[in-house]
Amino acid sequence: MADKSGIEWTDATWNPIVGCSILSPGCTRCYAMRMAARIEAMGSAKHYDGTTKKVNGNAVWTGKLALAPVKTLMQPLLWKRPRRIFVNSMGDLFHEDVPDEWIDQTFAVMAVTPHHTYQPLTKRANRMRRYLSDPATKRRVYEIACDLVIEREIQVVLIASGMDERCAPTGPRVHLDQWPLPNVWLGVSAERQQEADERIPELVATPAAIRFVSAEPLLGPIDFTHLQPGDPPVEIDALNGTHGVLRPHGGRSERLDWIIVGGESGPDARPMHPAWPRAIRDQCQAAGVPFFFKQWGEWARHKGSPGGDLGGDVRAGRVRIVHPSAKTDVEVFEATGGRNTEQGSLYMGKVGKKAAGRLLDGVEHNGMPGPIEVPAL
């Protein structure tokens, strides 16, 4: 856990559960695997033991999961200043092997700290939907929340129909008759169109105050307005909240409230074609959805490409990446009249995260959802 985080879209991190397993291409160079291995080697947090192993010299998740000690689990109760808190940066809260009881405890802590805003982020969107949609979940979470108030003398008022009347000391009100919790933003990671098609429809079907997507590391283009989750062939526009077999869509559904985009950083980071974040930015602007550009990662457009602005030494040479709209480099070359343009293939230089920065077309994009209004009693 960290009271202050270097992640641009949050204020702090909190890890009630640690450990994970590789699920899709976005996982293969996960920073959390390397960090978990370092924590394990230091021996300062025993619950990390066995969560990683070395494969070809690199740290890789073993699939072992662990619930953090009570001190860590209860840490948000001690943070008096309101924070945006990234939940489980060192694992996946909704991993298929995480017991419901562990998730219940996490949500109970979030319930009794309404001054914080929590940001769980998962790749297991189906598990998250099933958990949040289960009518039994709310009751379990509220019962644990009541016990926390009593045992730890938390000065809040738990307001929930039919709950234990002992849970009523004076203090800020926690509206436990509300579900989903208004201070919890639920997010999924999606690195390519394939993962977006699989995970985002599950997210929009999940009860949530705020729904967001982290497209980081962005490894390919994503069209959020034409998601195709499979059979039956219903297309979803997650930015405008519509769906249907034909366009324009006739059905209404929940929509996304926020999109985060970022390139990959760290050793062996993969480059992100500039056309990919630009397209997502434009989709968000058209739909009025907040857009947050987190970083380019290790790579930026090389000065050898038209419009490139990198000078000086490029640490690892340069790499050519090809826009996916073309089947071959030749097609791109011919379609652009022999010019290496942004719509086709171009050279990216590996300059490091700091030098690459987080400006997209010279603009820093820090879009974020507005506050959630909690109705007064």
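Any of LYS80/LYS350; LYS54/LYS138; LYS53/LYS354 with alpha carbons more than 31 Å apart? Name them for me. Pairs exceeding 31 Å: LYS80/LYS350; LYS54/LYS138. Rounded to 0.05, the FRET efficiency of the ARG252 and ASP282 pair, given R0 = 30 Å and the Cβ-Cβ distance, is 0.80. In whole Å, how far is the Cα centre of the range 18-35 from that of the range 113-149? About 23 Å separates the Cα centre of the range 18-35 from the one of the range 113-149. Once the Cβ-Cβ distance of GLU101 and LYS354 is raised to the sixth power relative to R0 = 51 Å, the FRET efficiency obtained is 0.75. In this structure, the residue pairs whose Cα-Cα separation is over 23 Å, taken from LYS46/LYS294; LYS4/LYS353; LYS64/LYS123; LYS4/LYS294; LYS64/LYS294, are LYS46/LYS294; LYS64/LYS294. The listed residues SER44, SER21, once ranked by accessible area (1.4 Å probe) with the largest placed first, stand as SER44, SER21.
Put a dot 7 Å past the Cα of LYS53, heading toward its Cβ, do the same for ALA41, and the two dots end up 1.8 nm apart.
The values are calculated or read from the model by the stated rules, or taken from the named source; none is laboratory data. Here the structure is a predicted model, which is why all the values come from computation and not from measurement. Cβ coordinates were reconstructed from backbone atoms using ideal geometry, including for glycine residues, and neighbour counts include every protein chain displayed. In case anyone asks, the SASA skips ligands and DNA or RNA and just uses the protein heavy atoms, side chains included. Shrake-Rupley method; radii C 1.70, N 1.55, O 1.52, S 1.80 Å.
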